[in-house]
Amino acid sequence: MRLNLTLPVPTSLNELYINEYSWNPKKKMRVPSGRRILSKEGEKCKEEIIELTKEQMKDQEWNYDFTVDGYIYMDTVIYFSRKGRDDNNIYKLLCDSLEKLVYENDSRVLIRTQKILYDTVNPHIEVTLKPVDYKGIFKNEIHMNEFEDNCKTCKRYVRNCSILNKAKEGRIQEEIDEEFVCSKFSLKINN
């Protein structure tokens with residue numbers, strides 16, 4: 001499973017939001033409300049990203065449901081129009097634009113800038129999304145299954161072992177050491 005997108009470079013975080021103002025009757029003037037709203041440039045860029053993503057997704061297989069519980073890598077190659085741009089400032093709008101379209105929540109996206117280049121004629125960003133290899137605290141699904149197979153021989157397993165469940169969620173616990181040995185393991189005796 002992999003999704004490749006070519007999109008416009010998102011609006012920088014520095015230009016993305018504007019402060020909202022509200023009337024303060026005591027001061028008899030408009031004051032910042034503390035709330036920030038998306039700028040017109042940000043809205044336009046977000047709409048363009050959404051439309052291009054929908055169009056490009058038609059020809060590719062992508063499992064949106066995986067992203068509900070699974071993490072994904074977002075690898076990017078950025079072609080800025082000029083030097084001095086900050087790659088970290090463009091990811092807020094990019095991630096927000098792809099949310100609910102490509103993935104459930106951007107908290108499950110691990111962003112990795114692979115390269116920054118400069119193209120004054122055609123600035124854009126190439127995005128590759130793919131599932132991470134690791135599952136919870138385990139290196140990959142095979143490693144997790146091997147650990148769980150061992151758990152099936154433990155007394156705790158039949159009671160829905162909380163240690164195993166937390167390990168699958170990615171929670172570090174003192175009961176599982178760096179060699180992936182569970183200190184609470186107790187061999188199940190079959191009658």
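So what is the relative contact order of the chain, in percent, for Cα pairs below 8 Å that sit 6 or more residues apart?
Result for the chain is 24 percent.
If packing is taken as the average number of other Cβ atoms within 10 Å across a peptide's residues, how do 41-47, 88-94, 148-154 rank, most packed first?
On the way: 41-47: 16.6, 88-94: 18.9, 148-154: 13.9.
Most protected by this proxy first, the peptides run 88-94, 41-47, 148-154.
Based on the mean of other Cβ atoms within 10 Å per residue, sort peptides 171-179, 4-12 so the most packed one is first.
4-12, 171-179
Given contacts defined as C-alpha pairs under 8 Å and at least six residues apart, what's the relative contact order of the stretch 133-191, whole-number percent?
38 percent
What is the spin-label model distance, in nm, from ASN190 to MET57 if the labels are put 7 Å beyond Cα along the C-beta direction?
4.7 nm
Can you compute the modelled spin-label distance between ASN165 and TYR134, with each label point 7 Å from Cα toward Cβ, in nm?
For ASN165 paired with TYR134, the spin-label model returns 2.3 nm.
Estimate the FRET efficiency between SER183 and ASP69 by the formula 1/(1 + (r/R0)^6), using the beta-carbon distance for r and 35 Å for R0, to the nearest 0.05.
Calculated value: 0.85.
Using a Förster radius of 25 Å, what is the FRET efficiency between HIS143 and SER107 based on their Cβ-Cβ separation? Nearest 0.05, please.
The value I calculate is 0.60.
With the calculation restricted to Cα positions, what are the radius of gyration and Dmax of the chain in angstrom?
23.1, 82
Values in this text are rule-based calculations from the coordinates and carry no lab data. Not measured: the values here are computed from a predicted model. Using ideal geometry, Cβ is built from the backbone for each residue, glycine included, and neighbour counts are taken over all protein chains shown.
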